[in-house]
Amino acid sequence: MELLDIMKQRHSVRQYQNKKIEENIRAELEACLAECNEESGLHMQIIYDEPQCFSTMMARYGKFSGVTNYIALVGKNTETLEETVGYYGEKMVLKAQELGLNTCWVAMTYGKGKCAAKIEKGEKLVCVISLGYGQTQGVPHKNKELKQVCNQEENQPDWFVKGVKAALLAPTAMNQQKFYFNFQDNQVSVKSGTGFYTKLDLGIVKYHFEAISGHKIK
């Protein structure tokens with residue numbers, strides 16, 4: 001399946017079936033995780049069959065149920081951590097979708113103190129991603145128009161427009177889509193707005209754009 005189709009099929013899912021993730025699928029997830037950690041220097045970890053992290057009142061408030069697997073997004077506590085976590089975490093999300101699993105980015109509504117990830121000295125747990133077989137496939141989120149998130153002009157190259165459209169499929173905090181792409185002198189830049197988790201969102205959005213457009217953002 002093409003990556004763009006996977007992006008279109010991925011929706012946030014908060015309720016999961018009582019079904020274990022098979023060993024062959026775990027192996028593929030772990031291979032992708034190792035590749036991402038190696039490339040980024042992150043310490044992301046997949047936690048399986050562990051219900052405590054989502055057994056809290058906050059998780060119930062967030063309408064999560066049946067969550068026993070999650071990806072812990074951990075890395076060295078630097079200024080670029082949130083953006084890097086967003087970029088590579090979304091790569092994991094799309095790999096999970098490709099393998100028939102469902103996911104949801106979770107920044108606040110989980111038991112951070114009950115997360116089973118190993119956090120070394122100097123590292124920080126940014127957030128987690130719930131993982132498993134959803135009770136549903138979720139629903140699409142409402143998108144802004146292209147002109148609201150980029151300097152769209154008639155002479156913009158096709159790859160740029162495709163990349164921005166892919167970015168609009170990316171999950172962002174409260175679906176605010178606080179980002180803006182600029183194309184000038186054959187180079188692309190993107191800025192995030194202000195607010196909670198906009199740096200994390202920026203990393204997610206960058207991955208969508210670069211993976212589909214085939215062009216790096218400066």
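The values are calculated or read from the model by the stated rules, or taken from the named source; none is laboratory data. The structure displayed is predicted, hence computed values, not measured ones. All Cβ positions, even for glycine, are placed from backbone atoms using ideal geometry, and neighbour counts span all protein chains on display.
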> Tell me, which residue of region 127-144 that is assigned to a loop (DSSP other than H, G, I, E, B) and in contact with a Leu (Cβ under 9 Å, 6 or more places away or on another chain) is nearest to Gln15 (Cα to Cα)?
Replying inline: Tyr133
> Any idea which residue in region 157-178 is modelled with the highest pLDDT, counting only those that are farther than 25 Å from Glu2 by Cα and touching a helix residue (DSSP H, G or I) at 6+ places or on another chain (Cβ under 7 Å)?
Replying inline: Lys178
> surrounded by 15 or more Cβ atoms within 10 Å (Cβ to Cβ) and acidic (Asp, Glu): does that describe Glu153?
Replying inline: no
> Here are Glu210, Glu120, Glu154: which of them is in a loop (DSSP other than H, G, I, E, B) and at pLDDT 95 or above?
Replying inline: Glu120
> Could you list, in sequence order, the residues of region 190-203 that are touching a residue at least 40 places away in the same chain (Cβ under 8 Å) and either part of a loop (DSSP other than H, G, I, E, B) or out of contact with any Ser or Thr (no Cβ under 7 Å at 6 or more places or on another chain) (or both)?
Replying inline: Phe196, Tyr197, Leu200
> Considering Lys118, Lys142, which residue is within 18 Å of the chain's Cα centre (by Cα) and of a type in the set (D, E, K, R)?
Replying inline: Lys142
> Within region 165-182, restricting attention to residues that are more than 12 Å from the chain's Cα centre (by Cα) and surrounded by fewer than 19 Cβ atoms within 10 Å (Cβ to Cβ), which residue is farthest from Phe209 (Cα to Cα)?
Replying inline: Met174
